[in-house]
Amino acid sequence: MSTDRTPHVLVVDDAATVRYYHRQLLSEAAFRVSEAVNGLEAVELALQTPFDLFVVDVNMPKMDGYACVEALRGEPVGTDAPIIMVSTEDGVHDADRAYAAGANLYLVKPVDGARLVRLATMLTATAPVREETP
Amino acid sequence: MNPLLAQFLAEADDLLSQVDEGLLRLEREPHDADLVNEVFRAAHTIKGSSGLFDFPELTRLTHAAEDLLDAVRGGRLELDATMTDDLLAAFDLMRGWLAHVTTTERLPSSANADGAVLIGRLRAPLGGQDSPAPAGHGPQAAPAPAATAPQWVGALGEEWLETTASWLEATSASLRFVRYTPEEDCYFRGEDPLHLLRQVPAAERFVPVTPAAWPQAAEYDEYACLLSFVLATRAATGELEYLFRYVPEQVEIADLGATALTRLLAGEAAAVAEAGIRLGDAEQAQDARALLEAALHVLSALPQEAAARAARVSSVERAVQSVARALGRDVEFPAHDAESVEAAARALLAALETAVVAEEAVPAPAEETVRSLAPAGPAEETAPAALHPADGAADGGKVGSRTLKVEQEKVDRLMELVGELNVAKNALTFLAASAEEEFGNRILGRRIKDQYAGMHRIAEELQAAVMDVRMLPLSVAFARFPRLVRDLGRKLGKSVELVTDGEDTMADKDVIEALGDPLVHLVRNSLDHGVEAPRVRVEAGKEATATIRLTAVSDGDAVVIEVADDGAGVDPERVKRKAYEKGLITEEQLETLPEAEAVNLLFLPGFSTAETVSDVSGRGVGMDAVKASVERLGGTVTMRSERGAGTVVRLRLPLSMAVTQVMVFSVAGQRFGVPVDAVVETVRVPAGEIGRVLRQEVIQLRGEVVPVVDLAGTLRMPWSPAGATRDVLVMWVGGQKVGLLVERFHREVDVILKPMEGLLADHPAFSGTALLGDGLVLLVLNMKEVLGVAAHAA
C-alpha cells in the first residue's frame, strides 16, 4: 500500500464540467483527485483503490448515485470513507435516500466551492490513521 | 477564457449535438424510452453545469426544456411535431448563446427576451404554466438576493447605485457586491491584489477605498497595502468565491437586488444587520452542524444487513471524529457501535449550539442553505430510471474510451513533417547517383540505395498512418442533413424521408470539410426542385412521402457520393429552352442536343430552372457553383435524371487532398508540375506539324485539332524550342484538350502541395509549390489560369 498521506478523493459525476470544477477545487486544496463517470466505474475503482473521500453525483447513467453509495458501503467494497453526495435535487426524500444509502452528507448543486473544500478537509482530517483491514 | 468555462462550452457543444440527433430520432421512434431519457439527461447536464456560471437565462431555458422532456419521459405528454420544433428552436438558441459566450464570455443582451419567448412555448403544453419566472418551479428557486445591503456598498457612489437600482428593478436581476480588504503585509506573502481584482469577471464597477486616515509620513510604509476595494459584478457568487479562494477571510460577498440598494440609498441599511456573506469560522460551525445532523440521519436509517450496517456506522464514526477534531475536541467511542457514535454526535451538536449562541453575528442557517443552492431548480428524476442501460452507455464509455481529441493544427503539422521527410528521403537517390557517378563508388551507391529503400518503406507507412489520422467518416458531413431535410420539408410543405448510407466511409478531413457546402446545395435542390408536393406525388401514383438518399462508397482512391431523389426529375425540353433563352446554347443545339446531355446544361454558370426564386435554394448559386467547388477538390460531378422518376447527382472526390501526384516537366530550364489527373498524354510531333488557326498554334492529334500553348512565352521566359521535334503535354482543362509546349519531360512525383506564399501568393497561374528531393522548389501550375493568361497575351 502506498504511504502517500495526501487524501485521495474520487469524484463521481457524468458531467465533465462538474468533474473539472471539482478537480480544480480539490487539487488546489492539495487533494489527490481521481474521476469516475458513473456509479459502476466508481465502484470498480473503489475495489482497487482505498479512497479517503467520495464526492458522488446523484443523476448518472448506468448506475446512479444512490445505487453507487449503497454499493460502496456494501460488500465487496465496504468502505467507511466519508461520502458526500451532490445533486440538483432538493427534496427531503432525496436527502433521506442519500442517508439511507450511507452518504455522510447531501449537498445541492451547484456546490459552493469553498464549502466543498472545507468539508472535504474536515472529513479527511482522520484519513492518515486509516488502518488496512486484512 | 477561464478553463472551467472552456470546459463547459466544449461539453455543452457535445451535448447539444446529442440532443439534436436524439430529438430527430425521437420523431421517428417516439416511444423509445431510452432515447427520451438520453435527451433529457443531456438537457439536465447542461442545466446543472450552467449553474456554475452567471447565465440565468440559459439555466432557465434548459430548465423549461428539461421539464417538458421530463413530462414526456413520465408519459404525461406525447411528443408532437410542434414540441419538437420548440425544443429544437430552444437548443438552437442555446447554441447561439454559447457561441456568443465563446467570444464575449457573456450571453447576448437579447437572451432574456428571446429565452422568455421559448420558455413560454415550452411550458405551454405543460398546462399553461407559461410564466418564464424561475420562481415557479421546484422547492428552491434562484438564491434570493439579500434584503439589505452592507454599508460598504455605498462606496460605489450614490449616483451609480441609483442608476443601478433602477436598472436592476427593471430587469429583476441582482448583482454580486464584493469588498476585498487585503492584509497590510499581503505583498510579502506573494499576494497580488490588483491582479486578483483584474480577474473578476463581468465587473460592472470597481472602486478602491482609501483608509479613513493615512499614517503620518514618518510612519508611512509604502510596502503596506492600506487600500481596500469594493466592486460590483454580474459574476456568480460561486465564481467569486473560487476566484478569491486563497483569501476568503479578506473578502465579503453580497448578492443584492434593487430592493436592497434602494434601502441602502434610503439610509435604512444602517439599522439592519449585515446581510453579506462572511467566509470564516462561522461557516466551520455550519459545516460541523450539517455533518453531525447528517450523521444522526444515517444512524436512524441503518439497514439490517450486518456488513452494510458496519460500514455505515464506521463511516459515521469517522465523520464525527473528523468534526470533533476540527472543533478542537476529543471524542471517545467506547463501543464503536451505533449508540456510542450517536451519543458523541449529539454531545458535539449540543456543544456547538452553546458556542454559536455566544456568537450572534453568525448568519442564520437558512440563509446559508439558500446561498449554497443557487439557480438550478430541478425537477430531476427521482425514480431509479437512471438504472436504464440506455444509450447513456455510450456516453459513459466515452470518457473511458481511448479516443484522443487532437487539434487540427497538430495533425497538419505532422503531415507537413511527413512531407519534409519525403523530401529528405528522396535526396538519398540523388546522393546514390552522385556516389556512383561523381565518386565512382558503386558499392557505396548501392548501400545508399538499400538504405533509401528501407526509409522509403517507413516513410510510406508513416504517411499512411498520418493520413489515416486525418480521415473522418462521411457521417461528419452527413450529420446536418436529417435536420435540414426535416426543417426544409416542413417549410415547403413536402413530406420527405432522408436515407443515408455509407456514413462510415472515410475521407480526408479537408475533403469532408470542403464537401459540406456542395452537399447542402444539392440536397436543397432536390427538396426544392426535385421533390413534388405530396398531392402531386399521389396523383402521379407515387407514395406521398418522397425519399432523398445520401450514399457514400469508396472506390479505390476516390469516394463517390450520391444525392438521389425520387422526385419529378429534370425536364430536358424545358432545360434546353431555358438555356436557349439565356443564350447559353444556339438555336441549332436547341434542336439537336440529345436529351441525355441536356441535364449537363444545368452546370452552366447562371442556370436556374426553378420558375420562381425561392428562399430555399435561392438564385445565383446554381449547379455551376457545386461543380466549381467539386472540381477545386479535384473531383467530378455527373447528373442523371429521368422524368418522373427522379434525379441522381454523383460526386466523385479524391479520398485525400494531402498528397498530389504531379507530372514534372521543364521549360526554359525551369521545372514545373501539373496534376497527373489532368494529363491526357504526352506526344512528340515534328516541328513542321505545328500549324496556326487564327493566332493560335495548334496540332492535329488523330484528326482532332488541339490548341498548343507556349508556356515559356506566356510566363515571359526566354526560350525558343530547338530541334526538329516538339514535345507536347496534352491535358484536359475546363472540358477541352489543350497542349503545352514542353522542353523536357521528367518523372511523376507524389508531393504535398503547399499554398503559395509571399510575392507569388497572388499569382493565379500557380496553385502551389512543392519541394523536390534534390531541394529544388517545384511550381505547380493552375492550368485554367495559365490558359487565361495565355489568351490575354495572344
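The values are calculated or read from the model by the stated rules, or taken from the named source; none is laboratory data. Source: prediction; values computed, not measured. Heads up, the Cβs are rebuilt from the backbone with ideal geometry, glycines too, and the neighbour counts pull from every protein chain shown.
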Residue count, region B:731-772 (criterion: surrounded by fewer than 14 Cβ atoms within 10 Å (Cβ to Cβ) and touching a residue at least 60 places away in the same chain (Cβ under 8 Å)): 3
Helices (runs of 4 or more DSSP H) wholly inside region A:12-118 containing at least 3 residues that are over 30 Å from B:E252 (Cα atoms) and touching a Phe, Trp or Tyr at 6+ places or on another chain (Cβ under 9 Å): A:39-48, A:65-73, A:92-101
Check on B:A544, surrounded by fewer than 14 Cβ atoms within 10 Å (Cβ to Cβ), more than 35 Å from the chain's Cα centre (by Cα), modelled with pLDDT of 80 or more and not in a helix (DSSP H, G or I): yes
Members of region B:317-351 found to be more than 7 Å from chain A (Cβ to nearest Cβ), closer than 19 Å to A:L53 by Cα and β-branched (V, I, T), listed by number: B:V320
The lone exception for A:I83 - which of (1) at the interface with chain B (Cβ under 9 Å from one of its Cβ atoms); (2) surrounded by fewer than 22 Cβ atoms within 10 Å (Cβ to Cβ); (3) modelled with pLDDT of 90 or more it fails: (2)
Pairs, first within 16 Å of B:L787 (Cα to Cα) in region B:680-707, second of a type in the set (K, R) and part of a strand (DSSP E or B), C-beta under 7 Å, six or more apart: B:V698/B:R692; B:V706/B:K737
Total residues in region A:40-76, condition more than 15 Å from A:Y99 (Cα to Cα) and within 8 Å of another protein chain (Cβ to nearest Cβ): 8
All positions within region A:46-81 that are over 25 Å from B:N37 (Cβ atoms) and among the aliphatic types (A, V, I, L, M): A:A46, A:L47, A:L53, A:V77, A:A81
Matching entry among B:K509, B:K449 (being farther than 16 Å from B:G567 by Cα and in the same structural domain as B:K627 (by TED's automatic domain parsing)): B:K509
Extreme residue, surrounded by the most Cβ atoms within 10 Å (Cβ to Cβ), among residues of region B:170-187 that are touching a Gly at 6+ places or on another chain (Cβ under 8 Å) and either of a type in the set (S, T, Y) or assigned to a helix (DSSP H, G or I) (or both): B:S174
Within region B:188-213, considering residues that are over 29 Å from B:L5 (Cα atoms) and assigned to a loop (DSSP other than H, G, I, E, B), the one farthest from the chain's Cα centre (by Cα): B:A213
Test: B:D20 is within 13 Å of chain A (Cβ to nearest Cβ), part of a helix (DSSP H, G or I) and farther than 18 Å from B:L107 by Cβ: no
Scan of region A:106-125 for residues that are of a type in the set (G, A, S), facing another protein chain (nearest Cβ under 7 Å) and within 15 Å of B:L291 (Cα to Cα), ordered by number: A:A125
Filter result for B:G669 (more than 30 Å from B:A540 (Cβ to Cβ), modelled with pLDDT of 80 or more and surrounded by 15 or more Cβ atoms within 10 Å (Cβ to Cβ)): no
Identity of the residue in region B:390-418, modelled with pLDDT under 80 and crowded, with 17+ Cβ neighbours inside 10 Å, that ends up nearest to B:T769 (Cα to Cα): B:D395
Considering residues of region B:242-258 that are among the aliphatic types (A, V, I, L, M) and in a helix (DSSP H, G or I) only, the residue nearest to B:L156 (Cα to Cα): B:A258
Residues (of a type in the set (G, A, S) and at pLDDT 85 or above) located in region A:110-129: A:A120
Test: residue in region B:214-229 that is in a strand (DSSP E or B) and either under 35 Å from the mean Cα position of the chain (by Cα) or more than 14 Å from chain A (Cβ to nearest Cβ) (or both): yes
Selected residue (criterion: farthest from the other protein chains (Cβ to nearest Cβ)) from residues of region A:1-14 that are touching a His at 6+ places or on another chain (Cβ under 9 Å) and crowded, with 17+ Cβ neighbours inside 10 Å: A:V9
Residue identified as outside any helix (DSSP H, G or I), under 42 Å from the mean Cα position of the chain (by Cα) and either exposed (fewer than 15 other Cβ atoms within 10 Å of the Cβ) or modelled with pLDDT under 60 (or both) among B:P375, B:P363, B:P334: B:P375
Only one of A:V33, A:V18 that is hydrophobic (A, V, I, L, M, F, W, C) and within 11 Å of chain B (Cβ to nearest Cβ): A:V18
Checking B:V780 against (1) under 30 Å from B:L414 (Cα atoms); (2) of a type outside the set (S, T, Y); (3) at pLDDT below 85, the condition it does not meet: (3)
Failed item, numbered, when A:V18 is tested on (1) crowded, with 22+ Cβ neighbours inside 10 Å; (2) within 12 Å of the chain's Cα centre (by Cα): (2)
